[in-house]
Structure formats: C-alpha cells, structure tokens
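Remarks on the structure that follows.
The values are calculated or read from the model by the stated rules, or taken from the named source; none is laboratory data. It should be emphasised that the depicted structure is a prediction, and the values quoted were computed from it without experimental measurement. Cβ placement follows ideal geometry from the backbone for every residue including glycine, while neighbour counts extend to all protein chains displayed.
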C-alpha cells in the first residue's frame, strides 16, 4: 500500500509541476506577446488577458495541491514543537485528516458551484468559454490537495 501511495504522489507531483510550469510560461508568453503587439504593431491580442486570467485561476488551485505535497503551507508550530514524539505523531495524523476533510468539503462545495454556474450558461466575453469550465480548477485543486494530505 505504501508503494502505491508513493507512486500516486510522484505521478501527481509530475502532473502538477507540468501544469504549474506550463501555465506560468504561457502567462508570461501571452503577456510579452500582447505588450509587443500593442507597442509595435498597434493592436492588442484580445484573448491574451482572458487566457491569462483563466491560467492564474488554474495555477492558484493546482499550486494549492502542490504546496500541500511539498509541505510549503504555513504552519503554527509553537505547541507542536514542544510535544513529545507520540503526541506529535497523533497531532500530525489529526491535522492531516482534518485538513483533508475540510479541503474535500470545499472541493465538493466548489463542484456544486460549478454545476450552478453551468446551469446559468454564463460564458467569458472574448473566447465564449463557459465559466463553469474555468471554475473547475477550484474543485480540481482542492480535491487534489485533500488527496495530498492523505498521502
């Protein structure tokens, strides 16, 4: 079982790193291209800002999961650091399970919000992408983060 969870964690890390690095690179490229077009060619890439906003949302929520996997989220450790080994281990397990449960609930809530937005049929102004598709980044990232706390 430990080997399986380790494999899942490593696959998730690779996928998250690809999404994060690819998203940041595309945002940078679109921003530079838009500035170049505006400055030297006299027109703006209408889709660039919208795609960048979508990618920022995606990078934020996938980054949440990646940060959880890497142990990069803020911690309040004053009490934790003073505990002996066994209570420290119990508290760690409690924190991981409760954080995972909270993130799972938030993922469920975000997914239900996506369904609500989907029924409204709202779309982005330039690309006409349904906002429910864009907002799927939230339950995806929250769900992955919940999974990371269990791994």
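Counting only residues that are under 30 Å from residue 130 (Cβ atoms) and surrounded by fewer than 11 Cβ atoms within 10 Å (Cβ to Cβ), region 66-93 holds 0 of them. Which residue pairs have Cβ atoms under 7 Å apart, sit 6 or more places apart or on different chains, and have a first residue in region 1-23 that is under 15 Å from residue 145 (Cα atoms) and a second that is outside any helix (DSSP H, G or I)? Pairs that qualify, where the first residue is under 15 Å from residue 145 (Cα atoms) and the partner is outside any helix (DSSP H, G or I), are 5/151; 8/151; 9/151. Can you say whether residue 104 is under 24 Å from residue 5 (Cβ atoms) and at pLDDT 95 or above, as far as the supplied structure shows? Taking the combined requirement at face value, the residue satisfies it. Counting only residues that are surrounded by 11 or more Cβ atoms within 10 Å (Cβ to Cβ) and within 22 Å of the chain's Cα centre (by Cα), region 8-46 holds 22 of them. Would it be correct to say that residue 63 is closer than 15 Å to residue 137 by Cα, surrounded by 14 or more Cβ atoms within 10 Å (Cβ to Cβ), free of Cβ contacts under 8 Å to residues at least 60 places away in the same chain and out of contact with any strand residue (DSSP E or B) (no Cβ under 8 Å at 6 or more places or on another chain)? So residue 63 does not fit the description; no. Among the residues of region 94-106, are any over 21 Å from residue 19 (Cβ atoms), surrounded by 11 or more Cβ atoms within 10 Å (Cβ to Cβ) and touching a strand residue (DSSP E or B) at 6+ places or on another chain (Cβ under 8 Å)? No.
Within region 111-128, the set of residues being without any contact (Cβ under 8 Å) to a residue 24 or more places away in the chain and out of contact with any strand residue (DSSP E or B) (no Cβ under 6 Å at 6 or more places or on another chain) comprises 112, 115, 116, 117, 118, 119, 120, 121, 122, 128.
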